[in-house]
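One structure below.
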Amino acid sequence: MHISEGILSAPVLVAGASLTATAVGYGLKKMAYKQMPKVAILSSVFFVASLIHVPIGPSSVHLILNGIIGLLLGWAAFPAILVALAFQAILFQFGGPTTLGVNTFTMAFPAIICFYLFNRGIKGKNNFFALTLAFICGFLSVLLSGIMVATALVFTGELFMQVAKLILIAHLPVMILEGVLTVFCVGFLRKVRPEILDLDA
């Protein structure tokens, strides 16, 4: 869901960079030292998962995994996603330096929303309810990212209205796939390492 260079207007770029800088600062402040290996691993997972992408106009379709990253990292999702996107921009020209703030915010902020909505529920005793919430988390995280990318494009100009709609429609299969992947991840962690899911706001 990377937005390419030279697409967004200056106000959108500045707003995205400002919001991301603030959120990354807060995420680093909240991140415990013992959490750093988990942040590094999930940043690497995000980097690899979103390498395979299909271009759609000024954006692209690919796995994001921001739902499960949000559940496992909370606010540390911001620095984790920022680092992964920065390396993708440098090594593969996915996105770029001017769109790094917007791209980070559109992927990391939905992760934070999902953390607050679903973190407690997925740790409950009812396994079916927890896995249902996990699916909704994965689905919703991509939906919110798609809406935010579409909003950034629309605020840039009405010419991107049709592209914004196309991006949302094209991500429907990704939403379902991410929901299923989140179910498998949460189900596995609930059985094997439930302590990983214990993360305070």
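Derivation of every value follows stated rules applied to the coordinates shown; laboratory data play no part. Not measured: the values here are computed from a predicted model. All Cβ positions, even for glycine, are placed from backbone atoms using ideal geometry, and neighbour counts span all protein chains on display.
Points worth noting:
- Criterion (buried (at least 19 other Cβ atoms within 10 Å of the Cβ), more than 13 Å from the chain's Cα centre (by Cα) and among the hydrophobic types (A, V, I, L, M, F, W, C)) met by exactly one of Ile122, Ile112: Ile122
- Which numbered condition Ile64 misses (of (1) buried (at least 24 other Cβ atoms within 10 Å of the Cβ); (2) assigned to a helix (DSSP H, G or I)): (2)
- Given (1) touching a Lys or Arg at 6+ places or on another chain (Cβ under 6 Å); (2) more than 27 Å from Val180 (Cα to Cα), index of the condition Trp75 fails: (2)
- The residues on offer are Val180, Val154, and the sole one that is assigned to a helix (DSSP H, G or I) and touching a residue at least 24 places away in the same chain (Cβ under 8 Å) is Val180.
- Residue check, Leu51 out of contact with any Pro (no Cβ under 7 Å at 6 or more places or on another chain), surrounded by 16 or more Cβ atoms within 10 Å (Cβ to Cβ) and either touching a residue at least 24 places away in the same chain (Cβ under 8 Å) or outside any helix (DSSP H, G or I) (or both): no
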